[in-house]
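The values are calculated or read from the model by the stated rules, or taken from the named source; none is laboratory data. These numbers were taken from a predicted model, which means no experiment stands behind them. Cβ coordinates were reconstructed from backbone atoms using ideal geometry, including for glycine residues, and neighbour counts include every protein chain displayed. For the accessible areas, the whole protein counts, side chains as well, though only heavy atoms, and no ligand, DNA or RNA atoms are used. Shrake-Rupley method; radii C 1.70, N 1.55, O 1.52, S 1.80 Å.
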Amino acid sequence: MFARCLLIYCLGFIPLCSAQWTTSRLSGSPEAAAPFVAEEVLSQVPMKAVLDLVAVPGLGQWVCVQNSGQLRVVPNEMQTAQADIALDLKALHAACDHAYGIVFHPQFASNRLCFVTYTVGNKLDDGSRLARFKVVQDKPLRIDPASEEVLITWRSGGHNGAAMAFGADGFLYLSTGDSEVPAPPDPLLTGQDISDLLASVLRLDVDHLDEGKKYAVPRDNPFVNRPKARPEIWAYGLRNPWKIAFDRVTGKLWCGDVGWELWENIYLIERGGNYGWSTTEGNSSIFPERLGPSPVSPPVVSHSHTEAASITGGYVYRGLQFPELVGAYIYGDWETGKIWALWHDGQRVVRHEEIADTPYKIVTFGQGEDGELIFAHWSDTSSIHRLVRNPLAGKTSAFPRKLSETGLFADVAAQTPARGVYAFDVQAPMWADGASGQRFIALPASAAASAPAKPPANDKALPASPAIDAEGRSNATLERSSGPRVETKINVKNDRSVEGKMTWPKDSVLAKTITMPLDAAKPETLTKLETQLLHFDGVAWAAYSYRWNDAGSDAELVGNAGDERQLLLKGNDLPGGQRRQSYRFHSRAECMRCHTMWTGFTLGIHPEQLVAPEKLVAAGLLDDNFAKQTTARLTNPHDETAPLEARARAWLHTNCAHCHRKDGGGAVPMRLNIELPLAEMNAVDAKPTRGDFGMAEADVITSGKPWQSALLHRVAQTGTGHMPMLGTSTVDV
């Protein structure tokens with residue numbers, strides 16, 4: 001409860017204003033500021049789900065490939081309010097479900113040819129396509145749909161690759177993925193199999209024809225003369241090669257390969273190279289018995305999932321604006337928004353740095369004819385950005401290294417909040433391996449978080465606040481996302497969109513102290529493990545962890561990569577009466593995989609999650625409009641008096657919906673946020689897309705048959721594949 005207002009509130013009085021938090025020493029960052037930040041460059045044109053950005057040679061334009069199938073074109077300077085449609089694949093092929101990329105022929109100036117990749121369905125042997133088209137108008141660019149020639153097809157699935165690049169040799173290089181679900185790994189056993197086109201980089205001569213083909217196979221491809229091998233393969237052993245690019249100077253081919261459970265990998269692709277999947281994941285062995293016909297080449301760089309979780313390949317920088325980056329391969333991560341630069345001398349990495357930490361889902365980079373780079377943020381409403389120098393680069397701040405130095409607590413050991421810091425509770429806490437949390441909110445002096453007064457008038461068909469009925473079912477869809485800076489956007493979907501904005505004052509802080517009893521039968525063994533902080537620096541939210549000392553007197557800041565602590569837990573319900581358990585202090589990047597823009601970053605401070613939000617309003621921390629945003633209050637999942645469906649929906653919302661929501665990062669179509677009607681969850685009586693555990697006729701959730709529900713098996717298993725992926729390793733029985 002609230003330290004300052006508890007007595008007044010219990011006596012029936014509501015405080016009209018809050019005490020001011022004047023003791024804060026949380027500002028800046030414990031790390032030196034990165035050399036670059038992101039700046040939006042195409043702000044007047046709404047783009048949707050952009051997957052590729054390609055400069056049109058000689059015509060001063062960019063093509064933005066939208067996942068929906070529309071290829072839209074804008075001028076180089078991107079100062080425009082209009083984006084013309086160069087090609088609409090969906091209009092050409094009604095079955096088109098993903099457009100992936102475009103590349104222009106090296107002799108585009110004379111032949112006007114371009115090549116496009118797209119899919120026409122899932123798990124079809126010919127579902128992924130590479131097609132050739134002809135450009136029939138320069139400005140704005142127009143591509144003739146009637147000119148299409150499909151050159152080659154391969155199986156469509158979860159990992160399609162579909163990135164393209166022309167080499168200095170004039171041949172087209174094309175990536176393919178393993179065309180399947182993440183788990184089990186490589187279910188088609190294609191990673192080391194060179195008798196099919198999957199999990200590879202192909203090399204095609206698109207200017208000549210072999211008999212029976214719309215292309216020719218270059219005679220020096222490595223497997224041309226190997227029996228049963230597909231001669232188109234240049235290299236293999238790739239899981240989902242997400243973007244390939246040639247260095248304009250050295251001619252080396254770079255590739256970002258999306259990892260599985262542990263590693264995200266950057267490769268230099270060479271003739272005949274084997275990059276390990278699924279014998280290895282990066283440098284970690286998985287199934288060594290699956291080794292293909294050649295030895296495995298290691299990645300140039302691997303990132304663990306403490307700092308990256310879905311790599312996006314980029315380009316070697318060859319621009320003029322940043323001389324310090326010339327020759328560096330620039331790439332990013334879709335999950336964490338980080339951007340790195342690495343320098344390679346042809347034999348080894350000589351330098352490797354994180355150069356930006358953005359709040360964006362970096363799905364693709366683009367390289368202009370001048371060598372400068374841009375990148376796209378993935379969303380229903382995508383945005384296009386470039387890097388600019390950070391005026392604070394290299395500067396450090398006196399960020400507190402101890403919890404006692406933050407100014408959050410009057411007595412840190414007793415967890416007594418400082419004046420102006422308030423405790424709050426949530427309806428449905430996330431399962432955390434038996435640990436529990438005490439939560440606090442602290443805002444700078446004379447400041448409050450504010451929400452919109454009401455939805456815009458254009459949303460007349462949908463109530464402003466989705467309601468939960470007596471059985472715990474919601475009657476509307478509320479999707480959350482947020483802008484990268486100080487605003488949180490709340491979007492109500494179903495083809496009826498409203499947007500509101502929630503603003504947070506600079507240096508707002510949310511804190512949670514996590515405790516766990518080491519002996520379930522002895523309350524006195526309750527131990528403080530860590531205090532987690534979310535800090536808003538005025539531009540973006542950042543996450544930090546403070547690890548408590550054994551005496552429970554103070555806590556020290558955990559490093560950027562996180563840490564672990566081994567616990568010996570005792571209890572009558574444990575086998576043998578005790579269990580050793582590893583407790584993870586998550587890295588800062590891991591924390592931000594859940595605290596995303598789609599959840600509004602602040603998972604606990606949501607109207608549906610807060611217990612008695614009106615108290616925070618009365619304390620002056622939230623404005624009057626906050627509690628009006630929704631009446632879809634969560635139910636405590638462990639409240640056995642509540643309707644069962646409401647309890648189940650609340651558990652799934654709290655534990656799973658930070659990823660499993662529209663654009664949230666989950667790799668399945670299932671959506672579990674509480675505001676969705678049951679029929680829109682893509683879960684009940686819906687076929688699983690990421691493995692069925694060998695069950696016949698399994699669904700994600702099979703009506704009336706929990707034992708036949710893949711979701712139940714997923715949350716009930718331990719080890720690899722356990723969900724939730726982060727924050728827990730044991731089962732919430």
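What shape does segment 292-439 take by its C-alpha gyration tensor, where a ≥ b ≥ c are the square roots of the eigenvalues and a/c under 1.5 counts as rounded, a/b above b/c as prolate, and the rest as oblate? It comes out prolate by the Cα gyration axes. Our note on the geometry: Cα centres of segment 666-727 and segment 41-107, 35 Å apart.
Contact order for the chain, expressed relative to its length and based on alpha carbon pairs under 8 Å spaced 6+ residues apart, stands at 11 percent.
Listed by chain and number, the lysines placed with their C-alpha closer than 26 angstrom to that of K139 are K48, K90; residues fewer than eight positions away on the same chain are left out. Considering only the Cα atoms of segment 361-404, their convex hull presents on average a projected area of 5.8 nm².
In loop segments of segment 659-733 as defined by DSSP, the GluC sites (Glu not before Pro) with at most 14 further C-beta atoms inside 10 Å of their C-beta are E697. The trypsin sites (Lys or Arg not before Pro) found in segment 297-357 that occupy coil by DSSP, while having at most 14 further C-beta atoms within 10 Å, are R348.
The shape of segment 580-655 comes out oblate: with a ≥ b ≥ c from the C-alpha gyration tensor, a/c is at least 1.5 while a/b does not beat b/c. Per the Kirkwood formula applied to alpha carbons, segment 592-733 shows a radius of gyration over Rh ratio, Rg over Rh, of 0.99. Which lysines, on any chain, are close to K615 with Cα under 20 Å apart, when same-chain ones fewer than 8 places away are left out? K615 reaches K512, K628.
Computed from the Cα positions only, the extents of the chain along the three principal axes stand at 87, 60, 53 Å, in decreasing order. Each of E564 and S284 was given a label point 7 Å from its Cα along the Cα-to-Cβ line. The distance between the two points is 1.1 nm.
For the chain, adding -39500 (n - 2.57) for each run of n ≥ 4 DSSP H residues and dividing by the number of residues yields -1500 deg cm²/dmol at 222 nm. Coupling constants for segment 150-155 follow from the phi torsions by the Karplus curve (6.51 cos²θ - 1.76 cosθ + 1.60, θ = phi - 60°), and in residue order they are 7, 8, 7, 10, 8, 5 Hz; glycine and proline get x. Solvent-accessible area per residue in segment 174-263 equals 38 Å², computed with a 1.4 angstrom probe and all protein chains kept. Compared with the dominant Cα axis of the chain, that is its longest principal axis, helix 644-656 is turned about 60°. The shape of segment 257-346 comes out oblate: with a ≥ b ≥ c from the C-alpha gyration tensor, a/c is at least 1.5 while a/b does not beat b/c. Segment 585-609 and segment 387-428 have Cα centres lying 16 Å from one another.
By accessible area, using a 1.4 Å probe on protein heavy atoms only, the chain has 52% of its surface on carbon and sulfur. On the principal axes of its alpha-carbon atoms, segment 506-664 has extents of 50, 41, 34 Å, going from largest to smallest.
Per residue, segment 287-432 exposes an accessible area of 40 Å² to a 1.4 Å probe, with every protein chain left in place.
Convert each backbone phi in segment 562-574 into a coupling constant with the Karplus relation 6.51 cos²θ - 1.76 cosθ + 1.60 (shift: θ = phi - 60°), then list the ³J(HN,Hα) values in order as whole Hz, x for Gly and Pro. For segment 562-574, the Karplus curve yields x, 6, 9, 9, 8, 10, 10, 9, 10, x, 5, 8, 8 Hz. Taking 4 °C and 1.567 mPa s as conditions, segment 637-702 diffuses translationally at an estimated 103 µm²/s according to Stokes-Einstein applied to its Kirkwood radius (Cα pairs).
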